[in-house]
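First up is the structure itself, then whatever we jot down about it.
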Amino acid sequence: MDFLKHMRRDPFAGIGRDAEALNMLYGRIPGKYYYHHLTLSRPAADVYETGGEIRVVIELPGVKSKEELDVWIEDNILFVWGRVDSGKDDSCYLARERCAGEYKRSIPLPFEVDEEGARGRYQNGILTVEVPKASGGDGKSCRVTIS
């Protein structure tokens with residue numbers, strides 16, 4: 001029976017401890033902090049139909065304004081790019097969990113859409129894009145204006 005107990009062990013259980021040990025090791029180098037520019041995790045999105053349009057709602061925490069966003073539709077796919085800048089300074093951090101980077105997301109739209117009629121708004125870290133459905137899409141590319 002002890003043999004079965006060891007077979008059910010989670011093979012990934014030690015990874016968290018190993019990562020923490022590495023963070024502690026590298027965090028103890030005096031006066032050194034390495035600034036990382038990352039592609040942030042895939043932002044959460046909801047896509048739903050409301051009458052004659054498709055609505056996409058995406059969480060983009062840390063994006064301060066609509067000027068840090070680029071949104072477009074191409075071949076019936078909504079593309080979203082956003083930038084987060086946590087600011088560089090000369091502080092000697094003891095711990096730093098917030099990072100700068102980019103959000104990149106592409107969302108296939110479930111219906112043919114009218115790219116020219118797309119509109120968006122960005123408020124409090126939430127991007128909402130509304131795109132009217134079309135009877136026949138021409139597959140062209142179009143920027144989405146964010147208010």
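Structure values in brief
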quantity	calculated
Test: residue in region 72-95 that is assigned to a strand (DSSP E or B), touching a helix residue (DSSP H, G or I) at 6+ places or on another chain (Cβ under 9 Å), at pLDDT 90 or above and of a type in the set (Val, Ile, Thr)	yes
Test: residue in region 51-65 that is surrounded by 14 or more Cβ atoms within 10 Å (Cβ to Cβ), part of a strand (DSSP E or B) and among the small types (Gly, Ala, Ser)	no
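The values are calculated or read from the model by the stated rules, or taken from the named source; none is laboratory data. Fair warning: this is a prediction, and the values are worked out from it, not measured in the lab. Please note: Cβ atoms are built from the backbone with ideal geometry, for glycine as well, and neighbour counts cover all protein chains shown.
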